Every structure is written in C-alpha cells, then in structure tokens.
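Please read the structure below before turning to the comments.
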Amino acid sequence: MNAEICLKKLQYVGVLAFATVDSQGNPQIRNISAIHYEPDALYFFTARGKDFCRELLEDGRVQILAYTRYKEMIRLSAKALPAPRDEQDHWIEKIFQEQPYLANVYPGNTREIGIVFEIRDGAIEYFNLGVRPIFRESYTIGQGNATLKGYQITEDCIGCGTCIEHCPQGCIEAGQPYRIQQEHCLHRGSCFEQCPVSAVKRLGGRE
Ligand code: SF4
Ligand code: SF4
C-alpha cells in the first residue's frame, strides 16, 4: 500500500465525502464526485456561489473520506487551494470530460461559474478492517505531514502482561518495555485503560 494506490482507491469509490469547517467553526460535509486524479494530487470542481467554495477559500482545510467494499477506510487530510488561474480551463475541461454528467448540470458556458481546487500536499490514513489482524498505515503526498495517532507503551511498563490479555488484535509484543505493533492497532485504547501503572500513553491526533 502507498499514497498512489490510496488515491486510486479513492477514484474507484468515485463519490467521496468532503468535510470542511465553516466560518462559525461548524463541520460541514457533502459528497463530491467532480474529481480528477493525478498519481500524487487531485483536482475537484465546484461552483463559486456554493458555501463549500466559500469554506475552502476562507479556511481551506478539508478531510476526504472513502469506504471501500473491502472494508477499507481511506482518509485524506489536506489544505485545498484554488488551482492556478492559468490552469483553471485545463482542469475544468479534463473534469468535464471524465464526468459527463457535469455537462448536464452546467450546460454550455454556464460552467464558467465553476472553480477548480487542487490538493497537492496532504496526509493519508489507510485502515483495513477486512483482514485479521487489521492493518493501518499513513502516507503523505507532497509536503504533507502525517500525525502520530493511537497509543504507545513507555519505559514505565513493568511487564505484567495485562494489556496483552485485553488487546482484541493480539498486536502487543512482550519485551522491555512491551511494544504495540502500530500497523495492527485498532486505536481503541483497552491497553490504555487496563494498564495498572499507566504505562500506556495516548499519542496526538483524533479518531
Ligand atoms: S499492562 Fe502496562 S505494565 Fe503491564 S505489560 Fe502492558 S504496558 Fe506493561
Ligand atoms: S489500542 Fe487496542 S488494539 Fe491497540 S494495542 Fe491497545 S488494546 Fe491492542
């Protein structure tokens, strides 16, 4: 798995959920399918009059979420920027070619109300619940930064083994200290709650 394959999977899903933040700090989410994919970037079309467009221009933070039929969750966190002015026509043409329904929504010159945003820098989380043990990994595109999430066992571990008994994925290895196999961790926190000496720390980020 890598970032390029994740973008391909987003493309196969087709209709993605895009979450933004409005001027009151409220989450806003909608489905978007007017998207063109490059191996390491994506471009999407919206209309300048939409709240979605205003939220992107004012704040720009966006999270894109897809769930595949194979129980894979793919989440892209990024900042969306308007594509360069001299590239707008190029990307609009490409998106309209790939998504013929758009010509029905915006016939003829009415597509001129549209604007294309680009995402070139971002962090991707891949989470596969369809395999055992479950599998997760993080990737970046461009200059994106991945945030560490989940749990980590610290040097305070006394090796009692309680966490192993409560781990639903069997992804804790004995040792000094014990160690979580991060790629198989559910991030649900049983080890954190059960450890008698609070040796498990929560890493930054949200889920
Ligand atoms: S429950 Fe806490 S102290 Fe015990 S092995 Fe796990 S991390 Fe170490
Ligand atoms: S968070 Fe859950 S899955 Fe991950 S190591 Fe702790 S108990 Fe196991």
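This model, with +1 at the C-beta of Lys and Arg and -1 at the C-beta of Asp and Glu, gives the range 151-202 a dipole about its Cα centre of some 140 debye. Simple point charges give the picture: +1 on the Cβ of Lys and Arg, -1 on the Cβ of Asp and Glu, and for the range 1-106 a dipole about the Cα centre of about 420 debye. Evaluate E = 1/(1 + (r/R0)^6) for residue 101 and residue 131, where r is the Cβ-Cβ distance and R0 equals 41 Å; express this FRET efficiency to the nearest 0.05. It comes out at approximately 0.75. Ordering 34, 1, 159 by the projection of their Cα atoms onto the charge dipole of the chain, which places +1 on the Cβ of Lys and Arg and -1 on the Cβ of Asp and Glu, puts 159 at the extreme positive end. For the chain, the share of accessible area belonging to carbon and sulfur comes to 48 percent (1.4 Å probe, ligands and nucleic acids excluded).
Computed with a 1.4 Å probe over protein heavy atoms only, the accessible area of residue 165 comes to about 140 Å². Largest to smallest in accessible area, the residues 162, 147, 140 fall in the order 147, 140, 162 (1.4 Å probe, all protein chains included).
Annotation: residue 139 carries an accessible surface of approximately 30 Å², with a 1.4 Å probe and no ligand, DNA or RNA atoms counted. For a quick check, take a GNM of the chain with Cα springs below 10 Å and name the residue from 154, 110, 20 with the largest mean-square fluctuation. Among 154, 110, 20, the largest GNM mean-square fluctuation belongs to 110.
Helices in the chain, meaning DSSP H runs of at least 4 residues, each add -39500 (n - 2.57). Divided by all residues, the mean residue ellipticity at 222 nm is -5500 deg cm²/dmol. With both labels modelled 7 Å from their Cα along Cα-to-Cβ, the residue 70 to residue 15 distance reads 2.3 nm.
When the surface is traced with a 1.4 Å probe over the full set of protein chains, residue 89 keeps roughly 120 Å² accessible. When the pairs 8/149; 9/149; 50/71; 50/79; 8/71 are compared against a 20 Å limit on Cα-Cα distance, 8/149; 9/149; 50/71 fall above it.
About its Cα centre, the chain has a charge dipole of approximately 460 debye under the convention of +1 per Lys or Arg Cβ and -1 per Asp or Glu Cβ, with nothing else charged.
The values are calculated or read from the model by the stated rules, or taken from the named source; none is laboratory data. Computed from a predicted model, the values in this text were never measured in an experiment. Positions of Cβ are backbone-derived with ideal geometry, glycine not excepted, and every protein chain shown enters the neighbour counts. Ligands, DNA and RNA are stripped out before the accessible areas are found, and what is left, the full protein with its side chains, is counted by its heavy atoms. Shrake-Rupley method; radii C 1.70, N 1.55, O 1.52, S 1.80 Å.
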